[in-house]
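Novice: I'd like to ask some things about the structure below.
The values are calculated or read from the model by the stated rules, or taken from the named source; none is laboratory data. In this text the structure is predicted, and so the values were computed from the model without any measurement. Every residue, glycine as well, gets a Cβ built from its backbone with ideal geometry; the counts of neighbours run over all protein chains shown. Ligands, DNA and RNA are excluded from the accessible area calculation, which covers all protein heavy atoms including side chains. Shrake-Rupley method; radii C 1.70, N 1.55, O 1.52, S 1.80 Å.
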Amino acid sequence: MVRHGTMTETAVSEIVSVLEQDIIFGRFLPKQRLYEDEFIVRFSTKRHIVRAALHELERKGIVERQPNRGAAVRYFSRAEVAALYELRVILHEAAARRIQLAADPEWFAQLEAARDAHAEAVASRDLGLVFQTNTIFHRKLFEGTGNAYLSEAIETSNAKTHGIRSHGLGMPSLLEKARAEHFAMVEAVRTGDLEELARLCTSHMQPARAFYEEKYCGAL
């Protein structure tokens with residue numbers, strides 16, 4: 001017998017996944033209101049399920065609650081973008097320098113496979129798959145630190161910037177640049193050049209940041 005709580009958790013998780021991708025791919029834009037009634041109809045569900053999903057998206061940092069206005073896609077000011085990316089740089093540099101050498105052959109093979117899967121997704125211009133394979137590649141890369149807590153901290157900070165990083169996904173030049181940088185990261189691991197890997201990891205995140213700031217943050 002399936003427990004009611006399990007069914008509720010599954011329903012919430014499914015709605016979170018769909019709405020997260022809607023935000024990631026720009027179907028909902030920064031500051032756009034998110035209406036519970038609309039989602040109740042769309043997902044054929046109950047209000048408490050929708051509210052739980054929105055609370056989870058708020059916990060992830062990509063939705064915000066506004067007094068007397070409900071939920072909206074989180075907008076990041078230029079100062080907030082700078083603060084988040086400062087944190088990401090600190091974490092990614094630290095992790096890159098802690099990749100264990102010589103690389104475990106099984107882990108390295110999985111890293112290469114993740115790189116190739118992302119490259120194939122870029123070639124097909126399947127943005128949903130690009131996002132998924134990009135996440136898997138970076139998760140696999142930082143598993144190479146052997147530090148699960150560091151990997152978790154990186155994933156948490158990455159989730160908070162979904163609404164920033166995702167807006168450049170539709171730009172072919174940014175997709176190709178990311179693809180090429182993944183190949184360079186794997187080569188840096190292969191040669192044991194962790195300083196180069198740290199440089200690549202931090203420069204890798206800047207184009208999407210610049211795209212968001214130019215589009216949504218206005219002039220300096």
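A quick yes/no check of all residues on (1) in contact (Cβ under 8 Å) with a residue 12 or more places away in the chain; (2) surrounded by 20 or more Cβ atoms within 10 Å (Cβ to Cβ):
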position	(1), (2)
E58	yes, no
V63	yes, yes
R69	yes, no
A79	no, no
H92	yes, yes
A95	yes, yes
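Novice: Could you grab the pairs with beta carbons closer than 9 Å, sequence gap of 6+ or different chains, first residue in segment 197-218 and in a helix (DSSP H, G or I), second one open to solvent by 30 Å² or more (accessible area, probe 1.4 Å) and among the acidic types (D, E)?
Specialist: A198/E93; R199/E93; C201/E93; T202/E93
Novice: Please work out if E181 is open to solvent by 50 Å² or more (accessible area, probe 1.4 Å) and under 30 Å from L101 (Cα atoms).
Specialist: no
Novice: Scan segment 128-135 and tell me whether some residue there is modelled with pLDDT under 95 and open to solvent by 50 Å² or more (accessible area, probe 1.4 Å).
Specialist: Looking through segment 128-135, at least one residue is modelled with pLDDT under 95 and open to solvent by 50 Å² or more (accessible area, probe 1.4 Å).
Novice: Whether any residue in segment 149-167 is touching a residue at least 12 places away in the same chain (Cβ under 8 Å) and not in a helix (DSSP H, G or I) is what I want to check.
Specialist: From segment 149-167, those touching a residue at least 12 places away in the same chain (Cβ under 8 Å) are 150-151, 153-155, 157-167; that's our starting set.
Keeping just the survivors that are not in a helix (DSSP H, G or I) gives 161.
So far as segment 149-167 goes, yes, one or more of its residues are touching a residue at least 12 places away in the same chain (Cβ under 8 Å) and not in a helix (DSSP H, G or I).
Novice: While we're here: How many residues are surrounded by 15 or more Cβ atoms within 10 Å (Cβ to Cβ) and closer than 14 Å to F108 by Cα if we restrict to segment 185-217?
Specialist: 4
Novice: Got at least one residue in segment 25-42 being under 19 Å from S157 (Cα atoms) and within 19 Å of the chain's Cα centre (by Cα)? Spell out the reasoning first.
Specialist: As a first pass, look at segment 25-42 and keep what is under 19 Å from S157 (Cα atoms): 25, 30.
The next check asks that each one be within 19 Å of the chain's Cα centre (by Cα); those that pass are 25, 30.
Yes, segment 25-42 contains a residue that is under 19 Å from S157 (Cα atoms) and within 19 Å of the chain's Cα centre (by Cα).
Novice: Now a separate question. Residue check, S124 against (1) surrounded by fewer than 13 Cβ atoms within 10 Å (Cβ to Cβ); (2) outside the structural domain of K177 (by the TED database); (3) under 25 Å from L175 (Cα atoms), all met but one. Which one?
Specialist: Failed condition: (2).
Novice: So A184 clears everything in (1) more than 23 Å from L127 (Cβ to Cβ); (2) free of Cβ contacts under 8 Å to residues at least 24 places away in the same chain except one condition, right? Which one?
Specialist: With (1) more than 23 Å from L127 (Cβ to Cβ); (2) free of Cβ contacts under 8 Å to residues at least 24 places away in the same chain applied to A184, the lone miss is (1).
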